[in-house]
Amino acid sequence: MKLENIIKSVNVCETKGTVDKEIKGIQMDSRLVEAGHLFVAVKGTQTDGHAYIAKAIEKGATAIVCETLPEELNENVTYVTVADTEDAVGKLATTFYGNPTSKLDLVGVTGTNGKTTIATLLYNTFRYFRYKVGLISTVCNYIDDEPIPTEHTTPDPITLNRLLGRMADEGCKYVFMEVSSHSIAQKRISGLKYAGGIFTNLTRDHLDYHKTVENYLKAKKKFFDDLPKNAFSLTNLDDKNGLVMTQNTRSRVYTYSLRSLSDFKGKVLESHFEGMLLDFNNHELAVQFIGKFNASNLLAVFGAAVLLGKKEEEVLVALSTLHP
């Protein structure tokens, strides 16, 4: 793809050199750079990518996106400056990989607990409906039934867009993705278009990174603040932060709860060693899961599947086939 087309997705401060050049790949790790690549110098939590610009050029980078220009410029290299490379890298990667989230329905699941379970159960539910589905989770990433190894809850923006690009190319209709607070704070999901977001709960976690509960909450809330108006937000009323998450979102807000009146209301009718008998929106449902937390997770899956256009009765049948 031409550099001039890639950089249309970001606010460019200045360019040095020609933008009429073909870019063969995009990297934010100088060790992975090859000939013809674009290197984005990101100021990370550990290292500053600006220190590796010379290394990236040595390895064959023909274009650099940075916040400040290096003192010595290479005449064969194009330099593009932006205000925030951490924010820009996701948008550049989205453009380079053909804007994959415009071709599929991406649903993000965020919260302290339940993310992996809900994302995986949604993946299994929509595979039951015979769709091609992608999963991006802590445990494993899947393109339909093909496992793709994972290193972080949410991969870096380039890996993430490459993966989503493959999912779109291979015909995935839906992708279900865990969205960690780190990935929101570090703008790893910048440039992605979500069809919906689910909030599970918030407990005191990751304070080594976020320092305060308020910062942690703000990181989660930003995900919902940034959802487009045609997306849905599905939030847990049984958590005191449930409505805080969606108070500034432009998306359509729906609620789920085991305790209060909500759009998706659930109740545990019976519980035993083999599973539970549940009531979801006045329909009885037998599942092979135990524990109130799983009743809440299944209720979130039920709500999200209905909001994605499936009939309540069809979703209940699918949920009854799922295994913990």
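FYI, it's all coordinate maths here, none of it is from the lab. Remember, it's a predicted structure, so these values are computed and weren't measured experimentally. Note that each Cβ is placed from the backbone with ideal geometry, even for glycine, and that neighbours are counted across all protein chains shown.
Structure above, values below:
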read-out	value
Given charges at Cβ of Lys, Arg, Asp, Glu: the chain dipole, positive-most of V317, G17, M1	V317
Fluctuation leader among K193, K132, K55 - the chain, Gaussian network, Cα springs under 10 angstrom	K55
Separation in nanometres of the label points that stand 7 Å from Cα toward Cβ, at L69 and L322	5.4
Nearest-20 debye value, the chain charge dipole, Cβ charges on Lys, Arg, Asp, Glu	640
Alpha-carbon centroids, the range 271-317 and the range 1-47: separation in whole Å	46
Violating pairs (Cα-Cα greater than 22 angstrom) within the set K8/K221; K24/K173; K115/K221; K24/K193; K193/K292	K8/K221; K24/K173; K24/K193; K193/K292
Helical mean residue ellipticity (222 nm; -39500 (n - 2.57) per DSSP H run of 4+; nearest 500) of the chain	-9000 deg cm²/dmol
The chain: antiparallel DSSP beta bridges as a percent of all, rounded to 5	40
Rg to Rh, two decimals, where the chain supplies the alpha carbon set and Rh follows Kirkwood	1.03
